[in-house]
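K.L.:
Take this structure, written in structure tokens, and hold onto it; I'll ask about it next.
The values are calculated or read from the model by the stated rules, or taken from the named source; none is laboratory data. As the structure is a prediction and not an experimental result, all values here were calculated from the model. Ideal geometry is used to build each Cβ from the backbone, glycine not excepted, and the neighbour counts take in all protein chains shown.
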Amino acid sequence: MKKLGIYLVLFLGLLIVSSPFLLIYWGRGMLHDADVPQREELIPSAAKQKVLAIFPHPDDEVTVAGTVMGLKAAGHEVILVCLTRGEKGNAAQIPTEEELARLRTAEMQLSAQLLGVNQLIQLDYADGGIETLGMDSLKSLVHALIQAQKPDVLLSYDSKVGLYGHSDHMLTGKAVEEVFLGFRGTTDFAPKQMFQVTLSKKQIEVALKLSAGFQKNYPKEPGKGLPEPDFSIGTQAYFSRTLQVMQAHQTQKKVLQDLMPYHDQVPEWIYSRIFDREYFREVR
């Protein structure tokens with residue numbers, strides 16, 4: 001696997017020198033499925049709406065950074081919820097969980113500022129312990145957040161995999177989905193739409209070759225993987241700030257390299273034209 005990475009870097013370097021536009025064409029073909037419709041916006045910009053994005057960990061919001069910035073640019077209100085302080089994600093070898101939680105809380109706050117969200121709600125549930133809450137308690141928590149904020153739109157992980165197999169991700173997505181489907185259309189329940197983060201088939205193929213997290217946790221059984229996307233959102237205009245959001249999470253630098261591999265070895269103007277979309281499924 002290490003040799004594959006070395007060969008890929010050498011190949012990218014050759015393409016950059018010889019033909020950057022060939023690299024862009026090749027990169028897009030490697031990552032994006034042509035049959036997935038593209039949109040410029042997650043929701044129409046004509047009527048301003050409130051979006052409630054619920055994720056379990058600091059840095060999860062990086063997966064929707066471009067879309068969130070697009071929502072803000074269109075005049076929508078975005079509330080970001082982070083359920084834990086991320087004290088178990090110790091890729092940086094911080095001495096104690098207390099110190100790591102403090103650092104990741106600060107990183108989350110910086111990320112929220114860079115994203116420009118209207119409000120960050122940062123809770124203190126146990127990282128890696130969402131399962132111990134029980135689904136009923138987790139759904140009650142999600143429902144309370146929704147009732148307090150009265151959003152028009154919900155945004156979270158998928159309920160099948162949680163992007164790459166993390167149980168906190170999957171359970172959070174499942175709780176938000178079940179609350180949405182269970183209460184949608186009832187009196188005093190505001191959300192009319194819910195969207196889940198997912199990936200294209202080609203992105204999954206690449207992630208399974210390059211990402212240790214995907215290789216370890218992603219389901220191997222047919223039909224057990226991520227839900228297929230309904231559409232993608234163009235995010236190239238926000239790529240520079242997306243990198244800043246990613247870099248705000250310094251304790252997760254090693255982990256986030258899997259999200260955008262080799263981004264520090266390819267010129268930004270090229271890379272932004274390859275990693276230029278975020279994929280979503282609408283819950284119906």
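K.L.:
Would you confirm whether or not the range 106-129 contains a residue that is in contact (Cβ under 8 Å) with a residue 40 or more places away in the chain, surrounded by fewer than 21 Cβ atoms within 10 Å (Cβ to Cβ) and touching a Cys at 6+ places or on another chain (Cβ under 6 Å)?
P.N.:
Yes, the range 106-129 contains at least one residue that is in contact (Cβ under 8 Å) with a residue 40 or more places away in the chain, surrounded by fewer than 21 Cβ atoms within 10 Å (Cβ to Cβ) and touching a Cys at 6+ places or on another chain (Cβ under 6 Å).
K.L.:
So, one more: May I ask you to list the residues in the range 237-284 that are more than 22 Å from residue 173 (Cα to Cα) and either aromatic (Phe, Trp, Tyr) or in contact with a strand residue (DSSP E or B) (Cβ under 8 Å, 6 or more places away or on another chain) (or both)?
P.N.:
Across the range 237-284, the qualifying residues are 238, 239, 262, 269, 271, 275, 276.
K.L.:
Please state which of the following conditions residue 148 fails to meet, knowing it meets all the rest: (1) loosely packed, with under 14 Cβ neighbours inside 10 Å; (2) in contact with a strand residue (DSSP E or B) (Cβ under 8 Å, 6 or more places away or on another chain).
P.N.:
(2)
K.L.:
Among the numbered conditions (1) farther than 23 Å from residue 219 by Cβ; (2) touching a strand residue (DSSP E or B) at 6+ places or on another chain (Cβ under 6 Å), tell me where residue 127 comes up short.
P.N.:
Condition (1) is where residue 127 drops out.
K.L.:
Could I ask something else about it? Return yes when residue 283 is out of contact with any Asp or Glu (no Cβ under 9 Å at 6 or more places or on another chain) and either more than 23 Å from residue 51 (Cα to Cα) or buried (at least 19 other Cβ atoms within 10 Å of the Cβ) (or both) and no when it is not.
P.N.:
When the stated conditions are applied, residue 283 does not pass them.
K.L.:
Just give me the residues in the range 266-282 being among the hydroxyl-bearing types (Ser, Thr, Tyr) and either out of contact with any helix residue (DSSP H, G or I) (no Cβ under 7 Å at 6 or more places or on another chain) or part of a strand (DSSP E or B) (or both), in sequence order.
P.N.:
271, 279, listed by residue number.
K.L.:
I'd like the full set of residues that are of a type in the set (Asp, Glu), over 23 Å from residue 138 (Cβ atoms) and not in a helix (DSSP H, G or I), limited to the range 54-110.
P.N.:
Selection gives 77 alone.
K.L.:
When the range 237-265 is examined, which residues are found to be without any contact (Cβ under 8 Å) to a residue 24 or more places away in the chain and assigned to a loop (DSSP other than H, G, I, E, B)?
P.N.:
Scanning the range 237-265 gives 257, 260, 263, 264.
K.L.:
Does at least one position in the range 178-185 carry a residue that is of a type in the set (Gly, Ala, Ser), more than 27 Å from residue 151 (Cα to Cα) and assigned to a loop (DSSP other than H, G, I, E, B)?
P.N.:
no
K.L.:
Please determine, by comparing only the residues of the range 190-202 that are surrounded by 20 or more Cβ atoms within 10 Å (Cβ to Cβ) and either modelled with pLDDT under 95 or of a type in the set (S, T, N, Q) (or both), which one is farthest from the chain's Cα centre (by Cα).
P.N.:
Per the stated criteria, the residue is 200.
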